[in-house]
1. With contacts defined as alpha carbon pairs under 8 Å and 6 or more residues apart, what's the relative contact order of the chain in percent?
2. What's the local net charge at Ser49, with K and R +1, D and E -1, over the other residues with C-beta under 14 Å away?
3. Dipole of the chain, Cα-centred, from +1 at each Lys and Arg C-beta and -1 at each Asp and Glu C-beta, to the nearest 20 debye?
4. Return the calculated 222 nm mean residue ellipticity for the chain, to the nearest 500 deg cm²/dmol, obtained by summing -39500 (n - 2.57) across DSSP H runs with n ≥ 4 and dividing by the residue count.
5. With a 1.4 Å probe and all protein chains kept in place, how much accessible area does His161 have, in Å² rounded to the nearest 10?
6. What residues have an amide H closer than 5 Å to that of Ile71, excluding those fewer than 5 places away on the same chain, when H is modeled at 1.01 Å from N in the peptide plane?
7. Just want the answer: with Cβ charges of +1 for Lys and Arg and -1 for Asp and Glu, which residue in Ala213, Ala243, Ser291 is farthest toward the dipole's positive end in the stretch 188-308?
8. Starting at the first residue of the stretch 99-108, write each ³J(HN,Hα) from the Karplus equation 6.51 cos²θ - 1.76 cosθ + 1.60 with θ = phi - 60°, in whole Hz, x for Gly and Pro.
Amino acid sequence: MSRTPVTVTVTGAAGQIGYALLFRVASGQLLGPDTPVRLRLLEITPALSAAEGTAMELDDSAFPLLTGIDITDDPDVAFDGANVALLVGARPRTKGMERGDLLEANGGIFKPQGRAINGHAADDVKVLVVGNPANTNALIAKAAAPDVPAERFTAMTRLDHNRALSQLSKKTGAPVDQISRLTIWGNHSATQYPDVFHAEIAGKSAAEAVDEAWLADEFIPTVAKRGAAIIEARGASSAASAANAAIDHVHTWVNGTKEGDWTSMAVPSDGSYGVPEGLISSFPVTTANGSYEIVQGLDINAFSRARIDASVRELAEEREAVRGLGLI
Ligand code: NAD
Ligand code: LMR
């Protein structure tokens, strides 16, 4: 193992997703068993001590691939030389907070982080935004990083993708690894659209294995509202499954999608499928050699069109709101 370590920056490192994520990054599950990792953890000042505790536990795990850990409350230091940036820390919505307040509070986090990425990250940096509202936070960070190619800013809908795989598997009895070509379109919010019309189960149409009433009344709402259902049941938002999806997102981006399959990532739109250019919206994507491409040429039926348009409309409204706040 003589490779140069890859620098992975994790923000919100002392939070619950951070706790579930860091050990998996350090053990090699993010980048593979042959890639040493240097961790840089960013936290707000009051949470530095908790991040130090997590770093002590990382040390105590004696991961062979982990070459070092830096902890800081300064984004310029945290993103210095970052090859992979996992933007997890965000301002949660608290009582009495309006949507605009939430966007503004997150602008105060993601704008400086975008600037720090612009000024200090490695040339090959790949950014995944997990902190909500993830798509719009990614848009804010991207706008603050004009020297970084826009396509390096992505937001996470892999958790929604995995949730959709699991629900379809339960309904049809097919193992998840026999299901391919599922797509999450749009925003990581309740308007997202999980689409099975191009999905296959062991090579056969998934849409033909289920009926439209189940799709409209059960599958789509279950997947789209799963985050809220977990908050209701657990008293806290999803953490281990979110960390798992972050690992999946970056692992797939770096290592490629399987032949004949694709995944879902929220990426800057190039205008494909009528999604306004620049919006960070979820699409079906294939990945190879560390790059991704939006899958082209899919037929979109009327059922799907209406739902994609509704979620994209919400993203456009969020973009207008952050534009109005001077955040992009
Ligand atoms: P958490 O509150 O447990 O942890 C968040 C951490 O971020 C805290 O330790 C906090 O101190 C830190 N933080 C706040 N501002 C920061 C800043 N400016 N710089 C660095 N760190 C900062 O929350 P969590 O459960 O870990 O969730 C994190 C985010 O991920 C939330 O916004 C949550 O809604 C979101 N989330 C997204 C998905 C998805 O699928 N995209 C899924 C689950 C959760
Ligand atoms: C999830 O999908 O589990 C989270 O985004 C929910 C949330 O609001 O934190």
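The values are calculated or read from the model by the stated rules, or taken from the named source; none is laboratory data. Quick caveat, the model's predicted, so the values are computed rather than measured. We place every Cβ from the backbone using ideal geometry, glycine too, and count neighbours over all the protein chains shown. Accessible surface is based on the protein model in full, side chains and every heavy atom, while ligands, DNA and RNA are left aside. Shrake-Rupley method; radii C 1.70, N 1.55, O 1.52, S 1.80 Å.
1. On the way: 649 pairs, mean separation 55.1, N = 328.
Dividing the mean separation by the residue count of the chain yields 17 percent.
2. Numbers: positive: none; negative: Glu43, Glu52, Glu57, Asp73.
Around Ser49, the charge tally is -4.
3. Numbers: 28 positive and 40 negative charges, 73 e Å.
Computed about the Cα centre, the dipole is about 360 debye.
4. On the way: 10 runs with 128 residues, N = 328.
Taking each H run of at least 4 residues, the total per residue is -12500 deg cm²/dmol.
5. 10
6. Leu41
7. Ala243
8. Per-residue couplings from phi come out as 4, x, 4, 5, 5, 5, 4, 6, x, x Hz.
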